[in-house]
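What follows is one structure encoded as structure tokens, with my remarks underneath.
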Amino acid sequence: MSSSFFYGFVERKKFHADSDIHITLEDQQKINRFARHNAKWEELREDLKSKKADLQNLEDATNDVDEAELSDEPGPIPFVVGEVFVHLSIDEAREKLEEAKQKAKKDIESLEAEITGVKAAMSDLKTQLYAKFGSSINLEAEEE
């Protein structure tokens, strides 16, 4: 099997059609594993970005609750539960926000650990593939 058969097979893993590199089934499986890890890594990065934004929103909400407590007439705090708002006391709202922040922090830590594992697997595959194919393969992410 020559590399021309695989040219452009995986969008970010392009082979030069003019070279005569033989790709074994094992090589193709490594390329496919790398592609799956890369897709997973991108998905996890998006999830992490979203969770960090959620945590920032929770921090902002906590600040708003603190400001409401200092206002002249502190009243019930509207709090989203599912798709509806419920009115909670300041203490209840603060407690719910703390619980949500702790969960968000745990989720962020979990995602960061998973990203580290995926990156390590990608690095190992990248080392193996570059060792065999050199500049005939591109495993670097394309700039947007």
- [ ] Kindly indicate whether PHE85 is within 16 Å of ALA104 (Cβ to Cβ), aromatic (Phe, Trp, Tyr) and not in a helix (DSSP H, G or I).
- [x] no
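Could you please find all residues in the stretch 132-144 being surrounded by 11 or more Cβ atoms within 10 Å (Cβ to Cβ) and either without any contact (Cβ under 8 Å) to a residue 40 or more places away in the chain or of a type in the set (S, T, N, Q) (or both)?
Going residue by residue through the stretch 132-144, those that are surrounded by 11 or more Cβ atoms within 10 Å (Cβ to Cβ) are 132-133, 136-139.
Answer for the stretch 132-144, where residues must be surrounded by 11 or more Cβ atoms within 10 Å (Cβ to Cβ) and either without any contact (Cβ under 8 Å) to a residue 40 or more places away in the chain or of a type in the set (S, T, N, Q) (or both): SER136, ASN138.
Test of understanding: among GLU143, GLU112, GLU69, which residue is at pLDDT below 95, among the acidic types (Asp, Glu) and either within 30 Å of GLU26 (Cα to Cα) or not in a helix (DSSP H, G or I) (or both)?
Numbers: GLU112 fails: at pLDDT below 95; GLU69 fails: either within 30 Å of GLU26 (Cα to Cα) or not in a helix (DSSP H, G or I) (or both).
Testing whether each residue is at pLDDT below 95, among the acidic types (Asp, Glu) and either within 30 Å of GLU26 (Cα to Cα) or not in a helix (DSSP H, G or I) (or both) leaves just GLU143.
May I ask you to verify whether GLU59 is farther than 24 Å from GLU109 by Cα and either part of a loop (DSSP other than H, G, I, E, B) or not aliphatic (A, V, I, L, M) (or both)? Give the steps one after another, and end with the answer.
Values: farther than 24 Å from GLU109 by Cα: no; either part of a loop (DSSP other than H, G, I, E, B) or not aliphatic (A, V, I, L, M) (or both): yes.
So GLU59 fails the test.
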Task: Residue among LYS96, LYS101 that is part of a helix (DSSP H, G or I) and open to solvent by 80 Å² or more (accessible area, probe 1.4 Å) - done: LYS96
TODO: Please find, within the stretch 61-93, the residue that is farthest from LYS51 (Cα to Cα) out of those that are open to solvent by 40 Å² or more (accessible area, probe 1.4 Å) and among the aliphatic types (A, V, I, L, M).
DONE: LEU70
Task: From LEU58, LEU48, LEU129, residue being surrounded by 11 or more Cβ atoms within 10 Å (Cβ to Cβ) and within 30 Å of THR24 (Cβ to Cβ) - done: LEU129
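The values are calculated or read from the model by the stated rules, or taken from the named source; none is laboratory data. Keep in mind that this is a model prediction, so the values were computed, not measured. All Cβ positions, even for glycine, are placed from backbone atoms using ideal geometry, and neighbour counts span all protein chains on display. Please note that ligands, DNA and RNA were not included when accessible areas were found on the heavy atoms of the full protein model with its side chains. Shrake-Rupley method; radii C 1.70, N 1.55, O 1.52, S 1.80 Å.
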